[in-house]
Amino acid sequence: MLKIHDVCKTFKGTKILDHISIEIEKSSIFGLAGPSGSGKSTLLRCIQRLETPDCGLLECNGKTGFMFQDFQLFPHMTVLENLLYATKFLASKDVYGEKSANYLCMARGMLKDLGIEEKEQSYPNSLSGGQKQRVALARSLMINPDILLCDEPTSGLDIATIQDVVQLLRSISETGVTMVIASHDLDFLTKISDRIVLLKKGKIAVDVHVQQQKDPINYLKRYYT
């Protein structure tokens, strides 16, 4: 599904990714852990083709959706319009057609699942950080991606909402979607991931299958600092 082979990336003389090689299985939930500056977000952006690696190969079979850490919602569009815009190039030109009706139903279902259905006509500047995060997640799912790339999907969320996100992502994974989730939150990653790679200074510090570790959080923490 997703193969990363010997990928390198340098910014302004600093090596952000240093010969990274990973194979990610289809329909799995793959966690990318590590402190700020470890290369997590850059690797996601390379997979999404938002950045071009300096060397190495990326083999990605399927459509990718990307959830940005800084939301990148359109400020002049309502929440519902932001979600529907994601399907602009998927829907037929007939905005009143069957596809558009299905997308509208899907968008409202996403908002309900994330507990913000009452915000569909609100604009991003009226939302809290946590609400913006949930809208960004919903929008990334609107294109029915084969691979969902999430950059810090729980940033700014309270504990109850994080649990809602965990349940939603698990339910999406059960439909066959592969997920790559970058996060500094080890508790969140160990709850949701099948496998976690911890990056440190652009290198793979540890690669662990969560179910094979009795105490995966403390195991990962050994390599975190």
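The values are calculated or read from the model by the stated rules, or taken from the named source; none is laboratory data. What you are looking at is a predicted structure, and each value in this text was computed from that prediction instead of being measured. Here the Cβ positions follow ideal geometry from the backbone for every residue, glycine too, while neighbour counts run over all protein chains shown. Accessible surface is based on the protein model in full, side chains and every heavy atom, while ligands, DNA and RNA are left aside. Shrake-Rupley method; radii C 1.70, N 1.55, O 1.52, S 1.80 Å.
Observations on the model:
- About its Cα centre, the dipole of the range 107-225 is roughly 420 debye, where the only charges are +1 on Lys and Arg Cβ and -1 on Asp and Glu Cβ.
- Converting the Cα gyration tensor eigenvalues of the range 68-177 into ellipsoid dimensions via √(5λ) gives semi-axes, longest first, of 21, 17, 12 Å.
- Listed values (i) 71, 49, 23; (ii) 45, 37, 27; (iii) 51, 36, 33 include one computed from this model; for Cα extents along the principal axes in Å that value carries the label (iii).
- Residues Ile172, Ile159, Ile204, sorted by accessible area with the largest first, give Ile159, Ile204, Ile172 [1.4 Å probe; ligands and nucleic acids excluded].
- Counted by Cβ distance under 13 Å from Leu157, the other residues give a net charge of -3, where Lys and Arg count +1 and Asp and Glu count -1.
- Cross-link pairs Lys3/Lys26; Lys40/Lys201; Lys3/Lys214; Lys26/Lys63 - those with Cα-Cα distance over 18 Å: Lys3/Lys214
- Comparing mean-square fluctuations of Leu83, Leu50, Leu141 from a GNM of the chain with C-alpha springs under 10 Å, the top value falls on Leu50.
- Paramagnetic label reach from Thr10 (point 7 Å along Cα→Cβ; backbone nitrogen cut-off under 16 Å): within the range 54-85, residues 54-56.
- Projected over all directions and averaged, the alpha-carbon convex hull of the range 153-214 occupies 4.9 nm².
- FRET efficiency for Arg222 and Ser100, using Cβ-Cβ distance with R0 set to 45 Å, rounded to 0.05: 0.30
- Converting phi to 3J(HN,Hα) with the Karplus coefficients 6.51, -1.76 and 1.60 and the offset θ = phi - 60°, the range 110-125 yields 4, 5, 5, 4, 8, x, 10, 4, 6, 9, 4, 9, 7, 9, x, 5 Hz in sequence order, with x at every glycine or proline.
- The range 1-125: equivalent-ellipsoid semi-axes (sqrt of 5 x gyration tensor eigenvalues, Cα, Å): 34, 18, 14
- With a simple spin-label model that places each label point 7 Å from the Cα along the Cα-to-Cβ direction, the separation between Thr78 and Glu59 comes to 4.6 nm.
- Largest mean-square fluctuation among Lys200, Lys88, Lys26, in a Gaussian network model of the chain whose springs join Cα atoms under 10 Å apart, belongs to Lys88.
- With Cα atoms, 0 to 90° folded angle of helix 129-141 axis to the chain main axis: 90 degrees
- Loop-exposed GluC sites (Glu not before Pro) per DSSP, neighbour cap 14 Cβ within 10 angstrom, longest uninterrupted part of the chain: 26-173
- Along the axis of the charge dipole computed for the chain (Cβ charges of +1 for Lys and Arg, -1 for Asp and Glu, origin at the Cα centre), the listed residues Leu43, Thr87, Thr178 are led at the positive end by Leu43.
- Within the listed set Val210, Val79, Val135, the Gaussian network model of the chain (springs between alpha-carbon atoms below 10 Å) gives the highest mean-square fluctuation for Val210.
- Segment Ser128-Gln163, extension gain: residue separation times 0.36 nm, minus the distance between their alpha carbons: 10.8 nm
- The packing ranking, built from the mean of other Cβ atoms within 10 Å per residue, places the peptides 186-196, 7-17 in the order 186-196, 7-17, highest first.
- Residue-normalised accessible area of the range 119-205, given per residue in Å² at a 1.4 Å probe: 38 Å²
- Share of carbon and sulfur in the accessible heavy-atom surface of the chain [1.4 Å probe, %]: 49 percent
- Heavy-atom SASA rank of His209, His5 (probe 1.4 Å, accessible area, largest first): His5, His209
- DSSP bridge pairs, the range 140-220: antiparallel proportion in percent, nearest 5: 55 percent
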